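No value in this document is a laboratory result; all are computed from the given coordinates. Model, not experiment: these values are computed from the prediction. Because the Cβ atoms are built from the backbone with ideal geometry, glycine has one as well, and the counts that use them run over all protein chains shown.
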Amino acid sequence: MTTQVALTGNDAVALALKQVNPDVAAVYPITPQTELMHAFAAFVADGEVDTELVTVESEHSAMSAAIGAAAAGARSITATSSQGLALMWEMLYIAASYRLPIVAPVVNRALSGPINIHCDHSDTMGARDSGWIQIFSEGSQEAYDNTLMAFRIGEHKDVLLPVMVTLDGFIISHTMEALQVLDTKAAHDFVGEYHPAMNLLDVDHPFTVGPLHLPDFYFETKRAQAEAISRATAVILSVAEEYAKISGRKYGLFEEYKLADADVAIVILGSAAGTAKVAIDRLRKQGIKAGMLKLRVFRPFPGNEIAKALAHVPSVAVCDRSISFGLNGGPVFNEVRSAAYGSKTRMASYVYGLGGRDITVEHIESVYRDLLKANETGKLQKVFNYIGVRE
């Protein structure tokens, strides 16, 4: 049922999309996402999928086309990075408010300016309140798996929301990795066919898309959206449990790595989690009980579950590959600290890797040593920190 292959992250996601065989793909190139849709376009050109490929004039148009196709009842996809996601901004909110289960892989890249084509999470973090489900990937294997599961999650009758699957630009998108992939029939059967309850082409059952909601209705619409994304938590776990049965790979809202007995821990997401695991293994050999919580699902934010998982750890560092200007600490830090409000855990913010700056094992070990000092003194030396920046 599974085969081991060597693929880049972009090719792994393109393969997952091929196995799903969506109805419509609206595409526009941007580094480092371009190769992802190039690969999928080749599947279209070679007749390996039945997808209608729509090459548009901008990312705003790509999301607009995906919205139109999804409203008409088509299983729709697009993909982008960085400035492309920013150009979609208006349409991101519309896709979510129209409750359209579009799947969009996003290859993380820093937002300009200055112009930068390398990885950080400023693009997807900027879209965190747009109403999309957001799932982060540590490597190509997770990017492949998350893409397949995204369709089941977004299309579930209790959810009906768009899903963003992220993978770090160049670090994952352009790096070849050995991974296990399902055969096409197993993948397609898992995702299943899409049968929307409503679509604009059903002339016997007309309905309105994009109505005007003034103060008498708008608030209730937003409340319904909030309820839908809250319900997604249970659906994400249910889909992951079903996926584990055919793939052998188990997923949750987050991964705990040697966290159960940890005296010091970090919270991190994306590819840097792999680097952190190496640092943890080194420190464990030295007798230091280091652990990690790798966040997989950022929206809906599993705050209660995170707080419970970290409650026994005296000192925790939350590592952000993005920055919130004017807000002390990164966006993940502030959400984790808010979720853990009232606990005895000390929490520090560490911003790292902006614009593709390397994060090394030694960098992460230094964070753990800061936390060990906090355990000894009972106080964090600094709450807000940067890793690897020239001050």
Checklist entry - Taking Rh as the Kirkwood radius, which is the inverse of the mean 1/r over Cα pairs, what is the Rg/Rh value for region 211-335? => result 1.07
Checklist entry - Antiparallel as a % of all DSSP beta bridges within the chain, to the nearest 5? => result 25 percent
Item to check | Residue-by-residue Karplus 3J(HN,Hα) for region 204-215, coefficients 6.51, -1.76, 1.60, Hz, glycine and proline x | outcome: 7, 9, x, 8, 9, 10, x, x, 7, 10, 8, x
Checklist outcome for this item: Here the relative contact order (percent) of region 2-247, from C-alpha pairs under 8 Å and at least 6 apart, is 25 percent
Checklist outcome for this item: With the 8 Å Cα cutoff and a minimum separation of six or more residues, region 150-250 has a relative contact order in percent of 40 percent
Checklist entry - Cα axis of helix 9-20 to longest principal axis of the chain: angle in degrees, 0 to 90, nearest 10? => result 40 degrees
Checklist entry - Tally Lys and Arg at +1 and Asp and Glu at -1 over the other residues with C-beta under 9 Å from the C-beta of Phe298: what net charge comes out? => result +2
Item to check | For the chain, size of Cβ-based charge dipole, Lys and Arg +1, Asp and Glu -1, in debye | outcome: 1740 debye
Next on the checklist: Less than 13 Å Cβ to Cβ from Phe190, Lys/Arg counted +1 and Asp/Glu -1: what total charge do the surrounding residues give?
Outcome noted: -3
Checklist outcome for this item: Cβ-Cβ cut-off under 12 Å around Ser173, Lys and Arg +1, Asp and Glu -1: the net charge is -3
Checklist outcome for this item: Square roots of five times the C-alpha gyration tensor eigenvalues of the chain, ordered largest first and given in whole Å, equal 35, 23, 20
Item to check | Rounded tilt (10° steps) of 218-247 against the dominant C-alpha axis of the chain | outcome: 80 degrees
Item to check | the chain - mean residue ellipticity at 222 nm from DSSP helices (-39,500 (n - 2.57) per run, n ≥ 4, rounded to 500) | outcome: -12500 deg cm²/dmol
